[in-house]
Amino acid sequence: MQFFDIHNSRYEVERLLGKGKGGYSYLVRDEESNPFTVKKIHHEKCDYYSFPEDKIGLELAHYDFLRRIGIKMPMMIDFDKSQEIILKEYIEGPVLIDYIMDGSITEDHLNQIRAMQDICRNNKINIDYFPTNFVVHNGELFYVDYELNEYTEKYNFDNWGIKYYNRNSPEFINYLDSVHNDR
C-alpha cells in the first residue's frame, strides 16, 4: 500500500486519478475513509511547456488567485512544500473527457467553460482548458487543476481548448493516439 503523510496525518492511496504536465493526482482516503485528492508534483520533462523551479510555490499562488476571482475548483486542504504535495478536496464525478468520448457533452458544459473563460479574460489569465481538467459534479463544472497563464487569445477556450472538445477533431484524435502510445 502507498501512503502520503502530511503534517501528522496519513492518507492511503486508493487509485491514480491522472498525470498532468506538473504532477500526479491520486484519490486518497484519510483514517476515517474520507476521500481527498493528493497532487504530487513531478519534475519530468515536458516538451511543450516550461515550469519555474518552484512548481509548488507557483501552484499555491495560482490557487489563491483563482479562488479570489471565483473559478469553481476544489478547496485546498493542506500542502507540504518539502514533499511537493497538495491535499485537495475530492470532487466526485466524471471528467469532461468522458463526456466527449461517449458523445454526451452538452451545450451547458460548454457554456460553463465559457463563463470561466469570461472570468479569466477579465482577469488577464487563461486556465488550462484541456477536458481532463474539469470534473462534472451535480451538473456543475469544477476546474480541478490550479494552473493558470497570462492571457492570450491564442490559448483561450474558444481558440485552443475547444479543439479538444470534439471526439472527431484532429487534435482530440492525436491526443488519444499519444495516450495510447504511452502505454
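The values are calculated or read from the model by the stated rules, or taken from the named source; none is laboratory data. Not measured: the values here are computed from a predicted model. Quick reminder, even Gly has a Cβ in these numbers, built from the backbone with ideal geometry, and neighbours come from all protein chains shown. What goes into the accessible areas is simple: the full protein's heavy atoms, side chains included, and nothing from ligands, DNA or RNA. Shrake-Rupley method; radii C 1.70, N 1.55, O 1.52, S 1.80 Å.
Structural remarks
- Within segment 125-183, the set of residues being part of a loop (DSSP other than H, G, I, E, B) and of a type in the set (Val, Ile, Thr) comprises Val144, Thr152.
- Segment 12-29, residues that are touching a Phe, Trp or Tyr at 6+ places or on another chain (Cβ under 7 Å) and either open to solvent by less than 20 Å² (accessible area, probe 1.4 Å) or closer than 16 Å to Tyr143 by Cα (or both): Leu17, Lys21, Gly22, Leu27, Val28
- Among the candidates Ser178, Ser104, the residue that is within 21 Å of Lys19 (Cα to Cα), among the small types (Gly, Ala, Ser) and surrounded by fewer than 12 Cβ atoms within 10 Å (Cβ to Cβ) is uniquely Ser178.
- Ile77 farther than 28 Å from Leu176 by Cα and surrounded by 15 or more Cβ atoms within 10 Å (Cβ to Cβ): yes
- Segment 1-45 - residue that is small (Gly, Ala, Ser) and in a loop (DSSP other than H, G, I, E, B) and, of those, farthest from Phe134 (Cα to Cα): Ser33
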